[in-house]
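Quick notes on the structure that follows.
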Amino acid sequence: MNEVLNYVDFIKSQNRNGIFSHPDVQQRMLMMMGEEKNQKLELSKDEEKKIAQNYAVMFFALATMRWCRGETLGVARQKALEQMNSFVKNKTNVAHPMNKYLIAINNQYHRFVSQLNMTDKNSDKKIEVSSDLAAKLSEEAIKKFKEALKLLNEMYKKYMPEKDIKKQPATVKFDLAKQNAQKMLQYWMLKQKERQRAA
């Protein structure tokens, strides 16, 4: 039995950012063991919508701030996209379920902004409002950006994977599966001994 691959030890031995820490892989591993999906590893549709909305607010707030500082609209949008890129790229924990969704949204915005900047006749225009109005608009954009960032960070903390790999959902299920398998093996061995004595 010891020569057989022990999945629990295998999972524990893997790099924390490795493939077995990925929430999609953990869900599939749970399915292999006949377990239900772990809801902590998945976002609800409502949460996905909130992530998309807050990403959009952050992007447009950044673009607004840059536009109010005298950049053309196209440059402001492009620079805001670069800032959002940095934000998404800092979310490197492969085990976090929000990361793949943030990356997908970011990729959509890349296509959207690139096409918009090429086709929008306003891309080369500056904001052309009074400095007071631009300052007020920029101030409001900063406020909206901070609110959206705070909400995303709160969601991010909610889904932060356990630091101790022994407490990660798939590892806990593997431990239970291992215990059940050991009990079944002990029961089978006991029955074998009983049969041998009876014979």
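Points to keep in mind about this one:
- Test for K40: is it modelled with pLDDT of 90 or more and open to solvent by 80 Å² or more (accessible area, probe 1.4 Å): no
- Some residue of segment 122-137 being surrounded by 17 or more Cβ atoms within 10 Å (Cβ to Cβ), in a helix (DSSP H, G or I) and small (G, A, S): yes
- Candidate set: segment 145-154, residues that are open to solvent by 90 Å² or more (accessible area, probe 1.4 Å) and farther than 14 Å from M84 by Cα; chosen: the one modelled with the lowest pLDDT: E154
- Residue list for segment 84-111, restricted to those being surrounded by 17 or more Cβ atoms within 10 Å (Cβ to Cβ) and under 21 Å from N122 (Cβ atoms): M84, Y109
The values are calculated or read from the model by the stated rules, or taken from the named source; none is laboratory data. Just so it is clear, the model here is predicted, and its values are computed rather than measured. Don't worry about glycine lacking a Cβ; one is built from the backbone with ideal geometry, like all the others, and counts go over all protein chains shown. To get the accessible areas, we keep the full protein, side chains included, count just its heavy atoms, and leave off ligands, DNA and RNA. Shrake-Rupley method; radii C 1.70, N 1.55, O 1.52, S 1.80 Å.
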